[in-house]
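Chemist: There's a structure below that I have some questions on.
No value in this document is a laboratory result; all are computed from the given coordinates. Computed from a prediction, not measured in an experiment: that's the story for all the values here. Note that each Cβ is placed from the backbone with ideal geometry, even for glycine, and that neighbours are counted across all protein chains shown.
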Amino acid sequence: MALFAISDLHLSRARDKKMDVFGENWKDHDIKIEHNWRSLIKENDTVILGGDISWAMRLDEAIVDLDFVDKLPGRKIIHSGNHDYWWDSTSKLNTMFESISFLKNNFFTYNDYAICGSRGWLCPNDSHFSAHDEKIYKREALRCALSFDKAAESGYNKFIFTLHFPPTNDKKEKSGFLEIAEKYQPHTVLYGHLHGVSSFNASIQGEIGGIFYKLVSADYIDFCPVKILE
């Protein structure tokens, strides 16, 4: 039994949306994901999917992509990304699929670890940050804190922190998400969202202050889930 992670599947079975603009490696990327997944993941494994799962705009469109994920081996924990417009009521989603749990204002567990987090957002002082982003950033930081608080209140003191957006701005400065990480000291902070070689170094990676920061965008990890814990 092991814990894996991958972000940004960008499935588009109901919509003709191609990812090739980010590089030829995205050609037939869903086939690569399925092949790697089935070669690696066993039924008793857990996989965190860090947002941007489907290009669908509505839940009825997203069903075909979510069914694809549901039929892959293992237990899956999904939270939203900035393109998951199909995301409906979380309580409703959590009744729909046998192997998928949906993370939003809650937490799930892997062994004695609590898996906490949220979509995240652009951080202040990022080169693309605007006044419009401030409200969303603050709301997402509160959601992350709520997720951790609920886990801690339930007696958990070991954590995995999962985000869709990087935990810093593109200058790698401190943020509300880093403050949450510093408070709760998760084993690992996972994030995605970044695509293309030119953007892969836009946030922190590696071990910093005893916490591991990992970029798990599908194209960065060659469309193969990476092992986080055994």
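Chemist: With runs of 4+ DSSP H residues as the only contributors, calculate the mean residue ellipticity of the chain at 222 nm using -39,500 (n - 2.57) per run, divided by the residue total and rounded to the nearest 500.
Modeler: On the way: 5 runs with 60 residues, N = 230.
The helix contribution divided over the chain gives -8000 deg cm²/dmol.
Chemist: Here's a follow-up. Can you work out ³J(HN,Hα) from phi for every residue in the range 22-34, in order, using Karplus 6.51 cos²θ - 1.76 cosθ + 1.60 and θ = phi - 60°, giving whole Hz and x for Gly and Pro?
Modeler: Values per residue, Gly and Pro as x: 8, x, 4, 5, 7, 4, 6, 5, 5, 5, 4, 4, 4 Hz.
Chemist: Using a simple spin-label model with points 7 Å from Cα along the Cα→Cβ vector, what separation in nm is obtained for Asp88 and Asn25?
Modeler: Output for this residue pair reads 3.6 nm.
Chemist: Sequence-distant or interchain residues sharing an amide H contact under 5 Å with Ile228, placed H: which?
Modeler: Hits under the 5 Å cutoff: Leu3, Phe4, Ala5.
Chemist: While we're on this one: What are the ³J(HN,Hα) values, in whole Hz, obtained from phi via the Karplus relation 6.51 cos²θ - 1.76 cosθ + 1.60 with θ = phi - 60°, for each residue of the range 124-131 in sequence order, with x given for Gly and Pro?
Modeler: Along the range 124-131, the couplings run x, 6, 5, 5, 9, 6, 10, 4 Hz.
Chemist: If you take every DSSP beta bridge whose two residues both sit in the chain, what share of them, in percent to the nearest 5, is antiparallel? Walk me through the numbers before you get to the answer.
Modeler: Details: 9 of 34 bridges.
Of all bridge pairs located within the chain, approximately 25 percent are antiparallel.
Chemist: Round to the nearest 0.05 the FRET efficiency obtained for His132 and Glu173 when R0 = 22 Å and r is the Cβ-Cβ distance. Walk me through the numbers before you get to the answer.
Modeler: Numbers: r = 20 Å, r/R0 = 0.90.
The value I calculate is 0.65.
Chemist: Of Ser118, Ser154, how do they rank once you tally other Cβ atoms within 10 Å and put the fewest first?
Modeler: Values: Ser118 27, Ser154 10.
If I rank by nearby Cβ atoms, fewest first, I get Ser154, Ser118.
Chemist: So what are the ³J(HN,Hα) numbers for the range 211-226, from phi and the Karplus equation (6.51, -1.76, 1.60; θ = phi - 60°), rounded to whole Hz, Gly and Pro as x?
Modeler: With coefficients 6.51, -1.76 and 1.60, one gets 10, 8, 10, 10, 7, 10, 3, 3, 6, 5, 9, 6, 6, 10, x, 9 Hz.
Chemist: Tell me, what is the FRET efficiency for Leu142 and Lys42 to the nearest 0.05, using R0 = 35 angstrom and their Cβ-Cβ distance as r? Walk me through the numbers before you get to the answer.
Modeler: Details: r = 36 Å, r/R0 = 1.03.
It comes to 0.45.
Chemist: While we're looking at this one, here's another question. Please give the Cα centre distance for the range 49-115 versus the range 1-18, rounded to the nearest Å.
Modeler: Spelled out, the Cα-based centre of one part sits 11 Å from the other.
Chemist: Using Stokes-Einstein with the Kirkwood hydrodynamic radius over Cα pairs, what translational diffusion coefficient do you get for the chain at 10 °C and a viscosity of 1.306 mPa s, in µm²/s rounded to a whole number? The partial results should precede the final answer.
Modeler: On the way: Rh = 17.5 Å.
Answer from the Stokes-Einstein relation: 91 µm²/s.
Chemist: While we're looking at this one, here's another question. Please list, in chain and number order, the residues 5+ apart from Ser101 or on another chain whose amide H is under 5 Å from its amide H, with Hs placed from the backbone.
Modeler: Lys76, Ile77, Ile78
Chemist: How do Thr168, Thr90, Thr162 rank when sorted from fewest to most other Cβ atoms within 10 Å of their own Cβ? Write down the numbers at each step before the final one.
Modeler: Working: Thr168 20, Thr90 15, Thr162 33.
The fewest-first ordering by Cβ neighbours comes to Thr90, Thr168, Thr162.
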